[in-house]
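Notes for the one structure printed next.
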Amino acid sequence: MVLRPEVQPSVDGDAQLGGPEPAAKRQYTRSERWISIFGVVAFAIGSAIMVARDGLFLSSDEVLIWVVAALVALSLTDLHRVGLRLVWDWLPFGLLLLGFHYAHGLAEDIGSRTHSLLQIRFDELIFGKPLLTLQLQHAFHQTQKVRFWEYSLFGVYLTYFFLALVVAGILWRFAYPRFRQFRAQFVVLSGLGFITYVLYPADPPWLVSQDLHELPTIYRVLYEVWGQSGLHSAAGLVEKGSAFHDETAAVPSLHAGATMLVCLFFWKSARPWARALLVLYVLAMAFTLVYSGEHYVFDIVTGWLYAAAVVTGAGFIRRRRAARRAPPAEPPSSPPPVLAEATPVIVSTP
């Protein structure tokens, strides 16, 4: 496996919480094998039917349902034991999606006004004028005409909506203690983002340019690519007014924060070439967000800092718990006393 998720004893009792048994240790009977095969085949056929009927399901709520359905299909032989645990483990992700649905309304209720000046000043201080987004779009001769290589940027952007959930699903199945660690960190990161969105709603560059007319023309590249891609099911990700899309949820960029969280979470267990891919992915997401006008550099840096703080804090808490649970060190035993060698007595005879 590329990232080798480090299955290790947990310091907070994860192994005793009834999680799914690792596939390598599970001994299946003949009937259980057939049940597992049936579950996987049924899930694959059901997914194919849904895609053929409704198109690719790319919004986070649909991906969450799809991942949980996959885990149910893989756990049919153990569903009596892990069914309740499955619901409990994945409930926080569902509550996150529900919370983000109301973030914009809460910001309006408490009278938070949208911001953009701080982000613009930060970007200009680092990269000069005009904004880096304008520099990149000018350098690549961006117009409303979509170029073939911009589809790859759209693909990078879309990974945010399923990457964390798919990673969590794999860990739940094959490295349950690591799943609990990843879920906690992702939930905390998203929770910090939610609080910031409510208290500090921020306008993305394309909106400041197109709707507020406070910046030169910035093309919303990803929206144009979506229109040309035929992926109508992706409307929930980028279309204005979508139920799960908040245009003022820009600081921090959770696209950048989540990719950094995945990078840091697997960093220690990843091989050198896998680390290079993780770094490349983080940078590719950052370039996509800035070039497309979806985020300022300030938003991305803030997302990275949030992710780094969450991972660092989680590591500190684990070490503290391990230190408290470790048995007290025994005092070093004193060495036995060293007896002086007897000096031989030489008796002279006359």
> Of everything in the range 243-285 that's among the aromatic types (Phe, Trp, Tyr) and part of a loop (DSSP other than H, G, I, E, B), which residue is modelled with the lowest pLDDT?
Replying inline: Phe244
>> Which pairs turn up if I take residues in the range 136-158 that are closer than 11 Å to Val225 by Cβ and touching a residue at least 12 places away in the same chain (Cβ under 8 Å) and look for partners that are of a type in the set (Gly, Ala, Ser) and not in a helix (DSSP H, G or I) with beta carbon separation below 8 Å, at least 6 apart in sequence or on another chain?
In response: Leu153/Ser292; Tyr157/Ser292
> For the range 259-281, what are the residues that are over 18 Å from Gly315 (Cβ atoms) and buried (at least 19 other Cβ atoms within 10 Å of the Cβ)?
Replying inline: Thr259
>> Here is a list: Val290, Val347, Val238, Val338. Which entry is at pLDDT 90 or above and among the aliphatic types (A, V, I, L, M)?
In response: Val290
> Based on what the data block shows, is Phe161 buried (at least 19 other Cβ atoms within 10 Å of the Cβ), in a helix (DSSP H, G or I) and touching a Ser or Thr at 6+ places or on another chain (Cβ under 7 Å)?
Replying inline: yes
> Looking at His101, His141, which one is at pLDDT below 90, out of contact with any Ser or Thr (no Cβ under 9 Å at 6 or more places or on another chain) and within 14 Å of Val198 (Cβ to Cβ)?
Replying inline: His101
>> So, Ala323, is that one modelled with pLDDT under 90, among the small types (Gly, Ala, Ser) and farther than 20 Å from Arg220 by Cβ or not?
In response: yes
>> Take the conditions in a loop (DSSP other than H, G, I, E, B) and either on the phi < 0 side of the Ramachandran plot or modelled with pLDDT of 90 or more (or both) and apply them to Phe148. Does it pass?
In response: yes
> Within the range 59-84, restricting attention to residues that are in contact with a Pro (Cβ under 7 Å, 6 or more places away or on another chain) and not in a loop (DSSP other than H, G, I, E, B), which residue is nearest to Ala164 (Cα to Cα)?
Replying inline: Val82
> Hey, does the range 81-89 have a residue that's modelled with pLDDT of 80 or more, within 26 Å of Ile37 (Cα to Cα), within 24 Å of the chain's Cα centre (by Cα) and buried (at least 18 other Cβ atoms within 10 Å of the Cβ)?
Replying inline: yes
> Looking at Leu222, Leu207, which is the one that is under 18 Å from Tyr291 (Cα atoms), modelled with pLDDT under 90, surrounded by 22 or more Cβ atoms within 10 Å (Cβ to Cβ) and under 23 Å from the mean Cα position of the chain (by Cα)?
Replying inline: Leu222
>> So the check is Cβ under 6 Å with 6+ separation or different chains; which pairs have a first residue in the range 192-215 that's within 13 Å of Leu117 (Cα to Cα) and a second one that's part of a helix (DSSP H, G or I)?
In response: Pro201/Ala107; Pro205/Thr133; Glu214/Val208; Leu215/Val208; Leu215/Ser209
> Within the set of pairs 6+ apart or on separate chains, which have a first residue in the range 91-111 that is closer than 18 Å to Tyr160 by Cα, a second that is at pLDDT 70 or above and assigned to a helix (DSSP H, G or I), and C-beta atoms under 6 Å apart?
Replying inline: Pro92/Val187; Phe93/Leu64; Leu96/Ser190; Leu97/Ser60; Leu97/Asp61; Gly99/Phe194
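The values are calculated or read from the model by the stated rules, or taken from the named source; none is laboratory data. Every value quoted in this text rests on a predicted model; they were computed, and no experiment measured them. Please note: Cβ atoms are built from the backbone with ideal geometry, for glycine as well, and neighbour counts cover all protein chains shown.
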